[in-house]
Structures are given as C-alpha cells and as structure tokens.
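To start, the structure under review is shown below, and the notes come after it.
Laboratory data are not the source of any read-out in this text; all were calculated from the coordinates shown. Owing to the predicted nature of the structure, the values given are computational and were not obtained by experimental measurement. Note that each Cβ is placed from the backbone with ideal geometry, even for glycine, and that neighbours are counted across all protein chains shown.
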Amino acid sequence: MSDGAGTRQSDVPALAPFHVLAKPTGAICNLDCAYCFYLEKEDLYPDGRFRMDDSVLEAYIGQLLASQAGPEATVAWQGGEPAIMGVDFYRRAVQIAEELRAPDQRVVYTIQTNGTLLSDELCEVFAEHDFLVGISIDGPREMHDAHRVDKRGQPTYDRVIEGLERLAAHRVEFNVLCTVNSANEDHPLEVYRHLRDDLGAEFIQFIPVVEHDTATGEGTGQRVSGRSVAPDAWGRFLIDVFDTWVTRDVGRVFVNHFDAGLASWLGLPPGMCIFAETCGDALALEHNGDLYSCDHFVDGRHRLGNITETSLPELVGSDAQRAFGNAKRDTLPSYCRECEVFFACHGECPKNRFTTTPAGDPGLNYLCAGYKAFFGHVDGPMRLMADLLRQGRHADEVMKIFATAGRNEPCPCGSGRKAKLCHGR
Ligand code: SF4
Ligand code: SF4
C-alpha cells in the first residue's frame, strides 16, 4: 500500500505501457448527448463532489509518470466534460507534471472535449503546453445536432465550431472524434468531407454507437436502441470512407481504423485496444481516485481500487485486471477464431459481444458483419501498402497505383474485378 501522492520516477517498478483516461468531473457534463454511455455513471457516486481535488491530481500524475517505462508519458483528460474544471486546474496539472517528471521524460497532454466551453484562457494553456485536443463532432450540422444537444435539448453545432475556431486562433493541435450512429451512418462521404475539408481535420477517429435498448427493459439483451449504427451500415461507412482515403488522402489524413488495419497487415500491434488480442492496458480514473478496468466498464464489478490507497502500478498489474484483459481473448467463440480477418479484428470490443454466431454460440460481436465486410474489402490495398512499407517505400505510393489503373482494367487490389466496380468506383 502507498499513498502515492508526490511519487517520483524511481519509487515504483516499471510496467508495460498502459493508458489512463482521467475524468476530473466524473460523469458531469454541460451537454446531454442522447447516446452518451457515461452520464449515468453519476449514480455511482450519490454524494460525489465531481471535482478532482489536489491530492488525487497529484497522486494520479505522480504515479503515472513514475510508472511509464519509455521517455514519454501521456496525461489524458476525458469526461463527462473535463473543460468544466476551468483553466486553473489544467495550469496546476501541468505544474505538478513538470515538477514530478524525470529529467529526460517528455509529458504529452491530451484532452477530449465537446468543445463548447473552450475559453481563450484555456486555449492559451493548451497552446503553451502543446495539448492535443480531441473535439467530438458527428459531421455536418443536422447530423451532429441529431443527438448532440445540451441540457435544454438545444443543438450544439455552432458552439462546437466556435470552440474549434478558438483552438485554431491559438494554434492548438486538434483531432476529431466522430461517432457513427443512425443519423449519419448512410452519409459516410458527406461526414468525411465535412471533417476533412470544412474543419481541416487531419486526424479522425470514428466510433460506432452501440447501445442496448433500455426502453424495452432489455438493458443487457441483444436488442439495440434506434440510435445505434446497424452492423452492415458500419461496414459500408468504413468502406466508403476508405475508398476515398486510399485514392487521395494516404499520408495526409489519418483515420484510426485504417492505421490500425495497416499495422495488423504489417504484423504490428494495432494501436487500438478494440483490435488487440487482449484488453487491460486502457483504464479509467474517476474524479475521486477510483480506478476501473476500462472506460466502458466503470461499474462496481470492475472497480480495481483507489489510487490514494493502492498505487496505480499495483492496480494495473493486479490479478483482477489481468483476468479482465485476458477474458477478451479467452471468451471468443470459435466462429471468431476461425474467421479469415481474425488477425485484424480479434472480435473487437467485449462490450459489443452480445449476439450469437450462426451456430448459436454466445459472445459474437454485434458489429461482426460490418467488420467482416470492411476488413475483407481493404485486404488488397492493405497488402499493397504493407508491401511498399516493407520495401522501404511510402504507403502513399498506393494512391499512384490506383490513379494509373484504367477503370475497365483489373483493380490493382488484386480482387479480379474491374477497377470501376471495386476500389476505383
Ligand atoms: S473493453 Fe473494449 S474499450 Fe475496454 S480495453 Fe477492452 S477493447 Fe478496449
Ligand atoms: S469479423 Fe466477426 S467473426 Fe471475424 S473476428 Fe471479427 S467479430 Fe469475429
């Protein structure tokens, strides 16, 4: 046991790299997005203050920096809405990190925000300390406002754009997190072009919305809410964006699923926990120091302990967390193990594994049909890019290969189909 506050680099044994999403306001947010899975976590803390205090802040940053083996450590903030904490909290966080980091250690600061509370003062701090800011936006106005509303049910698109403009004015680097749901699932290119061209996003994360249907009382059953993306639509969405990306944006725009796919085709770790073989290295920290197995498993069963009582490395390396991580691999149905895109998919995130295989085995991912279609479709181009990289060339040369192929010639991906019916559509 240790109190952890003020822990320095040499006090704690090094662990394999892990990532913590810290939630300084817990589930508290100024918005009321219809599909948010985190707002209900407020109920875990009926007497909570929902503001991370200085002792937890110091314990978190000190223990995190001390336990990261490499030259770089990431201090990541998320919510709820972390910007509610205000500018002084982030000034203090940076001050603590600067005091506690090892001389040769670089600290990377990230924050995921809805973008509606970004003051000039906050942007100045972000700019001064090179924060990487993730902005949540679901595409053009009408698609974004379909679900991303405030507590009065009012649309938020204009306020998010104001926040983005403020970030740009202060030259703060940003990326975009875009959920794919029933309102935008049929408009992949409209969404992608909006993010790329209108907002200037170069780093884009797509996140599928998969919600159990609680309205019917089947909170953990196989039915999903009407806001959820359909499995086939999710596959089509990724495929359509990929086909545009692979013919004009490789090396210029970075999309999480495409980067992860290319890594898998190269035999490297995918860089996204959902496609890794096991879980366990992406944890969530609540405002009071409670540490949970994962952002998607913040509940009584997955509370590992509190970092003001037991150190972060002890909790990350605990038997409970290892068991949680290995369960991802060990509970897969044989349908997944025998799947031809298993090496890239690994059954995706356990939170989405609530359907059954054609043989009736439980534990199949709700999004399976989409992933089968997507990974099957990108196989040829991924092989081409992986070969280029193995030859010491650049992945973006793939665009030239596709550009010079005639529309009536065989598609360069090797599918045997005409290019115009394949990746040259
Ligand atoms: S449960 Fe899902 S989100 Fe959490 S670590 Fe595992 S794959 Fe990642
Ligand atoms: S595509 Fe479907 S069957 Fe294949 S590994 Fe993914 S979830 Fe399993």
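For the range 123-149, backbone nitrogen atoms closer than 13 Å to the point 7 Å from Glu190 Cα along Cα-to-C-beta are found at 139-146.
Across all directions, the shadow cast by the convex hull of the range 86-233 built on its C-alpha atoms averages 11.4 square nanometres.
Potential lengthening of the chain between Ser55 and Asp120 amounts to 20.7 nm, from the contour at 0.36 nm per residue minus the alpha-carbon distance.
3J(HN,Hα) couplings calculated from phi for the range 30-38 with the Karplus curve 6.51 cos²θ - 1.76 cosθ + 1.60 (θ = phi - 60°) are, in sequence order, 7, 10, 9, 4, 4, 9, 4, 8, 9 Hz; Gly and Pro show x. Here's how it looks for Ala201: its modeled amide H is under 5 Å from those of Arg196, which are all 5 or more places away or on a different chain.
Under a Gaussian network description of the chain, with springs only between Cα atoms under 10 Å, the residue in Lys23, Lys328, Lys41 that fluctuates furthest is Lys41. One quarter of the convex hull surface built on the alpha carbon atoms of the chain amounts to 21.3 nm², the projected area averaged over directions.
A crude spin-label estimate for the pair Ala127 and Glu72, with each label 7 Å from Cα along the Cβ direction, gives 2.4 nm. What would the Debye formula give as log10 I(q)/I(0) at q = 0.20, 0.23, 0.24, 0.27 Å⁻¹ for the alpha-carbon point model of the range 348-408, no solvent? Listed by q, the Debye log ratios stand at -0.79, -0.90, -0.94, -1.08.
Divide the volume of the convex hull around the Cα atoms of the range 1-154 by the residue count and you get 138 Å³ per residue. GNM on the chain, alpha-carbon springs under 10 angstrom: the most fluctuating residue among Gln105, Gln78, Gln321 is Gln105. Under 5 Å from the amide H of Glu81 lie the amide H atoms of Ile28, Cys29, Asn30, each residue being 5 or more positions distant or on a separate chain, with H modelled from the backbone and absent for Pro and chain starts.
The string of couplings for the range 126-136 from the Karplus curve (6.51, -1.76, 1.60, θ = phi - 60°) is 4, 5, 4, 10, 6, 4, 9, 9, x, 10, 8 Hz, one whole number per residue in order, with x for Gly and Pro. Of the trypsin sites (Lys or Arg not before Pro) found in the range 158-201, the ones in coil according to DSSP and having at most 13 other Cβ atoms within 10 Å of their Cβ are Arg171.
Evaluate the range 86-143: find the radius of gyration of its Cα atoms, find its Kirkwood radius, and give the ratio Rg to Rh.
Details: Rg = 13.9 Å, Rh = 12.9 Å.
Rg/Rh for the range 86-143 comes to 1.08.
Each residue of the range 337-344 was assigned a 3J(HN,Hα) from its phi angle through the Karplus expression (A = 6.51, B = -1.76, C = 1.60, θ = phi - 60°), giving 4, 8, 6, 6, 10, 4, 4, 9 Hz with x at Gly and Pro. Between Glu202 and Ala168, the contour length at 0.36 nm per residue exceeds the alpha carbon distance by 10.9 nm.
Reported to two decimal places, what Rg/Rh ratio describes the range 280-392 when computed on Cα atoms with Rh from the Kirkwood expression?
The Rg/Rh ratio comes out at 1.10.
Taking 0.36 nm per residue of sequence separation and removing the Cα-Cα distance, the Arg252/His394 pair yields an extension gain of 49.9 nm. Debye-formula intensities of the range 169-279, expressed as log10 I(q)/I(0) at q = 0.19 Å⁻¹, are -1.07 (one equal scatterer per alpha-carbon, no solvent).
Once backbone amide H atoms are built at 1.01 Å from N, His19 has Ala282, Leu283 as its partners under 5 Å, excluding neighbours fewer than 5 places away on the same chain. For the range 353-377 versus the range 33-107, the inter-centroid distance based on Cα atoms is 35 Å. Taking a point 7 Å out from the Cα of Ala359 in the direction of its Cβ, the residues of the range 311-335 whose backbone N falls within less than 20 Å of it are 328-335.
Compactness of the range 272-312 was expressed as the Cα radius of gyration divided by 2.2 N^0.38 Å, which yields 1.19. Convex hull volume of the C-alpha atoms in the range 265-344, normalised per residue: 100 Å³. Relative to the Cα centre, the charge distribution of the range 203-326, modelled as +1 at Lys and Arg Cβ and -1 at Asp and Glu Cβ, gives a dipole magnitude of about 280 debye. With a 10 Å cut-off between alpha carbons and a GNM built on the chain, which of Thr179, Thr278, Thr310 moves the most? In this elastic network of the chain, the residue with the biggest mean-square fluctuation among Thr179, Thr278, Thr310 is Thr310.
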